[in-house]
Amino acid sequence: TIEVMFFSWVIQTPISMVIGIYLAGRQRFRNWISIGYFLPLLFSSVAIALLWSYILNPNFGLVNTLLDKIHLSQFALNWLGSPRIALVTLVAVVSWQFIPFHTLLYQAGRRQIAESLYESAHLDGAGTWDEFWHITLPQLKYTVVTSTVLILTGSLTYFDLIYILTDGGPADSTNVLALNMYDTAFNKQY
């Protein structure tokens, strides 16, 4: 469970922040990107788990089929059946599901920053990275804290997706606290 919390935070936070800051701007086609990008928020965890179970299937799944088509079949793996990579694969699926939500948080946070701060920095000769490190990131500190709390507490409740995809296997490599409590309560014979 702690590994899931850590990897979820490490994957979701930087990706969400970058996309949220980008989508807060006035780029062309930003609205169309937003529509396609936020689709995972509309699906339930069960639907996402079923979708990814087919995509990651080692026999006929889309990932391994594409790797085979581009002559990279040596990278085709049993994504959910290998104890070494099952947990990382699950965290990637969970991240795919929740990055859009955290992106919305960062997008809203970035839009709350006064443009006069950026104008002043631009007049002082600050570049894009200087603006990010000295204006955007400090102004988003409460958004980062909120997103972090939501990611960490949400990581404690990942049950349905893991139950459908791996049921805690292989070899208990994806057995998180919520799944262990379910098994203890309903499946153990005393």
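The values are calculated or read from the model by the stated rules, or taken from the named source; none is laboratory data. These figures come from a predicted structure and were not determined experimentally. Neighbour counts are summed over all protein chains in view; Cβ atoms, including those assigned to glycine, are modelled from backbone coordinates with ideal geometry. With ligands, DNA and RNA removed, areas are computed over all heavy atoms of the protein, side chains included. Shrake-Rupley method; radii C 1.70, N 1.55, O 1.52, S 1.80 Å.
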- [ ] Using Cα pairs closer than 8 Å and at least 6 residues apart in sequence, work out the relative contact order for the chain, in percent.
- [x] 34
- [ ] Enumerate the calculated ³J(HN,Hα) couplings along the range 54-64 in order (Karplus 6.51 cos²θ - 1.76 cosθ + 1.60, θ = phi - 60°), each rounded to whole Hz, writing x wherever the residue is Gly or Pro.
- [x] 6, 5, 9, 4, x, 8, 10, x, 4, 4, 5
Open item on the list: Please compute the length gained on full extension between Ala108 and Val10, using 0.36 nm multiplied by the number of residues separating them and subtracting their Cα-Cα distance.
Closed with: 33.2 nm
Task: Whole-number percent relative contact order across the range 5-81, with pairs defined as alpha carbons under 8 Å at least 6 apart - done: 16
Task: Assigned charges on the beta-carbon of Lys, Arg, Asp, Glu; the chain dipole about Cα centre (debye) - done: 320
Open item on the list: For a protection proxy built on the mean count of beta-carbon atoms within 10 angstrom, sort 133-146, 83-96, 116-129, 33-46 highest first, please.
Closed with: 83-96, 133-146, 33-46, 116-129
- [ ] Can you tell me the order of 3-12, 99-108 when each peptide is scored by its average per-residue count of other Cβ atoms within 10 angstrom, highest first?
- [x] 99-108, 3-12
Open item on the list: Restricting to DSSP H runs of at least four residues, report the calculated mean residue ellipticity at 222 nm for the chain, -39500 (n - 2.57) per run over all residues, nearest 500 deg cm²/dmol.
Closed with: -18500 deg cm²/dmol
Task: Helix 141-155 vs. the chain, principal-axis angle (Cα, 0 to 90°, nearest 10) - done: 10
Open item on the list: If I compute solvent accessible area with a 1.4 Å probe over the protein chains, what percent of it on the chain is carbon and sulfur?
Closed with: 66
- [ ] Sort all Cα-Cα distances of the range 27-157 into consecutive 5 angstrom bins from zero, then give the percent of pairs in each bin up to the one containing the longest distance.
- [x] 2, 8, 13, 15, 15, 14, 11, 10, 7, 4, 2, 0
Task: Dipole-positive endmost among Ser82, Leu62, Thr146 within the chain (Cβ charges, Cα centre) - done: Leu62
TODO: Note down the net charge around Asn187, summing +1 for each Lys or Arg and -1 for each Asp or Glu among other residues with Cβ under 15 Å from its Cβ.
DONE: -2
- [ ] Determine the per residue accessible area of the range 54-105 with all protein chains present and a 1.4 angstrom probe, expressed in square angstrom.
- [x] 56
Task: Crossing angle, helix 2-23 versus the chain [Cα axis fit, 0-90 degrees, rounded to tens] - done: 40
